[in-house]
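First comes the structure, then the notes that go with it.
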Amino acid sequence: MRNRAPGSRKTKEEMNSVQVEVGGKTISLETGRMAKQADGAVLVRCGDAVVLVSATMREDVREGQDFFPLTVDVEERHYAAGKIPGGFIKRESRPSEKAILSARQIDRPIRPLFTKGFMNEVHIVATTLSVDFENSYDVLATLGASAALTLSRIPFEGPIGSVRMGRIDGQYVVNPTLQEVQEESDFDLVVTGTRDAIVMVEAGAKQVSEAVVVEALRIAHAEIQKLIDVQLELQRLCGKPKWDVPAYVVDEGVLAEVRSGFGAALEAATQVPDKKARQDATSAAKKAAVAALVSEDADPERLTQVKRALAKVEKDLVRRRIAVQKVRPDGRATDEVRPISCEVGLIPRTHGSALFTRGETQALSLLTLGGTGEFQRIDGLGIEDKKRYIHHYNFPPYSVGETGFMRGPKRRDIGHGALAERALLPVLPDEVEFPYTIRIVSEILESNGSSSMASVCGSTLSLMDAGVHISAPVAGTAMGLIKEGDDYVILTDIAGVEDHLGDMDFKVAGTAEGITALQMDIKITGVTFEILTEALEQARKARLHILQKMLETIAEPRSELSQWAPRIFSIQINPDQIGLIIGKGGETIRGMTDEFGADIDIQEDGTIFICAPDEESAEGVMNRIASMTKEIEVGDVFTGRVVKTTDFGAFVELKKGTDGLLHISRLGQKGERVKSVEDVVSRGDTVTVEVVEIDKARNRIGLTLLKKPDAE
């Protein structure tokens, strides 16, 4: 090893690197070469996919701060794929949807694993340095975040590992390629776990069974152990001592005061069935406790301890009542779905609309149909460059009775919209059968738990209302878990308080045949595969119940599209004729677009989609294209313009790029001899002619005159 001065940078020989094989692919972790001023930084590589992930901690806590501020950013760089960003500004700006979803995929499993009571700000940054369009960078970024935290002094109770699962021809595949996931696999399942348990699942699937999902989770968790082992190996090589965090304690004396003086009030308040009334009653009980137990000149620590004690008493009351006494806050049975109501066709000018209400959660889903050319272009780092189904989810503050700023979608909105999109994508008709771009917007009007699953149900109804012939209706529900020691209870259709105080949020969407999407976050260890199997079965029964309620409102897709929806027709031409339809500089296709008010989208295989405001306009475009591309035969009649005259005849344009010869001998009427072509027709005249001869050898078309330019 070379000598180096104190404080100088490490040489390449001093780097620390480990590697592991997962799913037949080698994954390497390297630290000590890049980003050394971060608390932890790891370069993760699989194939030619490379991600640099850093973890940095703020040294002090801001005054008055009583929460843990964690930020996760995924920075997609177009140079990673050898691309220059599209648009006018040639640098990356706002994160793509994929980057936002990947950041959430990192945030959700690591957030519960920081030592309780730790309040220092932590920032995770994952930067894509190289992508190979084969290995997805998201699971590598999650692994890198865990490794960076594990190596750092930040009090992180990991590590965790993350793998992608697929199933091809009935065989489970660990970390399949992006192309295999998109074209061959039954599902796309991302699983993240600790040594003891799975903590996060994100999946889209093609109506697979619950048993298939559970088996995939088992295989994934076994592979995750390898990723945990390799991080611990790297930690032994170069990990830093963990920062000592003062223990998070609730003062027993203060806790006793709260229980004796205000336990009964909190007990009563937390049992009010209505969400808003329960929140108001609980808030009033807590304010009364603070007023009675904290004097104006009390030490700030006293207020902190009273608030901690109130939160613990509330949590203990609700959890014990659910887990042991089997009594939910709103009085429902553990497997009971809240009352459901459905309406369709309630908004007049949209192409499809539905209002889905379940308890105090309500989603209005509105559908718009557009032409094939209105698909969303994706300027990202994946293999997908466009999509024709777009699902957007909006969660305004009024949906939970609050005020707030509305400055575009938050990360949660992006995540919930993507989940609903995955749930419905497997049942949509393909582009050949239904050549439309589909956009659904789910407006959450009320929320008390599982608004994302309400948007799935509402969107299924709006698709059917619009006349989109989906292969099967899709419904979804959110499952919860309360576990106290050996006592546990799985909850169907969880409300907000059960999500907030519970141990699991497990969203499952699917048809009567199987699962199309799921998302799971677990806050505790000890959730066994038996519990997960039970939760999936309970979710299946709830899904069938919800589907039945939906089908009572609309049993099948409407037979016809809305009168306000555009009409799309298709015509097939020889790909060699595409240039003819486009014309020089696009003049031909632009002319038809302006004349008929239609959008014309030409595919590489010669399929032309015509999106027009009405059937008459679409037929006009199709007739024009048919006449332009039709092979000319003897007996065909054309009305065309004379483009050139000669001593022996006139050339008439039959269609774009094709002329025919009107010989001088065929210009006269009933055998009449014509001395000069110009005596009958001139350049620019419009005449009606009939094809009487086709000489393919000489590439000549002979015409006869049917109607002179000045004829009535």
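No value in this document is a laboratory result; all are computed from the given coordinates. Remember, predicted model here, so these are calculated numbers, not experimental data. Quick reminder, even Gly has a Cβ in these numbers, built from the backbone with ideal geometry, and neighbours come from all protein chains shown.
For the stretch 340-553, what does the alpha-carbon gyration tensor say about shape, rounded, prolate or oblate, given a ≥ b ≥ c as the root eigenvalues, a/c under 1.5 as rounded, and a/b over b/c as prolate? In terms of gyration-tensor shape, prolate. Fewest-first ordering of His500, His391 by other beta carbons within 10 Å of each residue's beta carbon gives His500, His391.
Rounded to the nearest angstrom and ordered from largest down, what semi-axes does the equivalent ellipsoid of the stretch 244-370 get from its C-alpha gyration tensor (root of 5λ)?
Numbers: eigenvalues 345, 68, 40 Å².
Rounded to whole Å, the semi-axes are 42, 18, 14.
Calculated on the alpha-carbon coordinates, the convex hull of the stretch 637-707 measures out at 84 cubic angstrom per residue. Considering the chain at the alpha-carbon level, its Rg and Dmax are found to be 33.6, 123 Å. Applying 1/(1 + (r/R0)^6) with r as the Cβ-Cβ distance of Lys410 and Ser260 and R0 = 51 angstrom yields a FRET efficiency of 0.80. Counting other Cβ atoms within 10 Å as a rough exposure proxy, the listed residues Tyr137, Tyr488 run Tyr488, Tyr137 from fewest neighbours to most.
Here the Kirkwood formula puts the hydrodynamic radius of the stretch 567-629 at 11.3 Å, using every distinct Cα pair. In angstrom, the C-alpha Rg and Dmax of the stretch 12-238 are 17.6, 58.
Taking 26 Å as the limit for the C-alpha separation, the pairs Lys644/Lys696; Lys242/Lys507; Lys275/Lys307 exceed it in the case of Lys242/Lys507.
If I take R0 = 22 Å and measure r between the Cβ atoms of Glu556 and Lys387 in this structure, what FRET efficiency does the formula 1/(1 + (r/R0)^6) give, to the nearest 0.05? About 0.25, to the nearest 0.05.
Spatially, the stretch 321-376 and the stretch 499-560 are offset by 13 Å when compared through their Cα centroids. Distance check, please: which entries in Lys286/Lys410; Lys240/Lys523; Lys584/Lys630; Lys315/Lys483 exceed 21 angstrom between their Cα atoms? In this structure, Lys286/Lys410; Lys240/Lys523 lie more than 21 Å apart at Cα. Can you tell me the FRET efficiency between Arg58 and Gln325 if r is taken as the Cβ-Cβ distance and R0 is 51 Å, rounded to the nearest 0.05? Rounded to the nearest 0.05, the efficiency is 0.75. Fully extending the segment from Glu267 to Phe569, taken as 0.36 nm per residue of separation minus the present Cα-Cα distance, adds 102.4 nm. Applying both filters, DSSP loop and at most 13 other Cβ atoms within 10 Å, to the GluC sites (Glu not before Pro) of the stretch 510-541 gives Glu513.
If every alpha-carbon in the stretch 252-323 counts as one equal scatterer, what log10 I(q)/I(0) does Debye give at q = 0.15, 0.17, 0.25 1/Å? One equal scatterer on each Cα of the stretch 252-323 leads to -0.47, -0.59, -1.13.
Go through 450-457, 87-94, 40-47 and give me the packing order, highest mean Cβ count within 10 Å leading.
450-457, 40-47, 87-94
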